[in-house]
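J.: Starting off with a structure, shown below.
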Amino acid sequence: MKWYIILFIVMFSLLPLSCKKEREDIQKTAVNMVKLPQRVRVMDDLNKIRTAIEEYKIYHDGCLPKSIDELNLKLYYDREYNYNSDTGKVKSKHYPKL
């Protein structure tokens, strides 16, 4: 009987720890789900920009545009991107790995 009481106390003392971890995991998942539409829009914008840069190079004898604005694109986030006019590389400020 004494062991049952000790086991019962140990189990209930560990329960809040497991609930806290689970709650943190749920919160992280929720934050990622909220950010997902923004990430998809950034990916779409990057695809538009990179395609437009390649088309610009074709029509301008291999030259690169001086800025993204020169491409006249309708983007979800127009000030989100870093463009290097020397290399033609474009990256997102908030999602640099894309």
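Every number in this text was worked out from the coordinates using simple rules, so none of it is lab data. This one's a predicted model, so the numbers in the text were calculated from it and none came from an experiment. FYI the Cβ positions are ideal-geometry reconstructions off the backbone, even for glycines, and counts take in every protein chain you see.
J.: Each residue of region 82-98 in order: what ³J(HN,Hα) in whole Hz does its phi give by Karplus 6.51 cos²θ - 1.76 cosθ + 1.60, θ = phi - 60°, with x for Gly and Pro?
T.: 9, 10, 9, 6, 7, 9, x, 7, 10, 9, 7, 6, 8, 10, x, 7, 6
J.: Another question about this same structure. How long is the gain from Q27 to Y77 if the chain were fully straight, where each residue apart is worth 0.36 nm and the alpha carbon distance is subtracted?
T.: 15.4 nm
J.: Place a point 7 Å from Cα of K93 in the direction of its Cβ. Which residues in region 35-55 have their backbone N less than 20 Å from it?
T.: Inside the label zone: 35-50.
J.: Another question about this same structure. Along region 71-79, what does the Karplus equation 6.51 cos²θ - 1.76 cosθ + 1.60 (θ = phi - 60°) give for ³J(HN,Hα), rounded to whole Hz, x for Gly and Pro?
T.: Each residue of region 71-79 in turn: 7, 6, 9, 9, 10, 5, 10, 6, 10 Hz.
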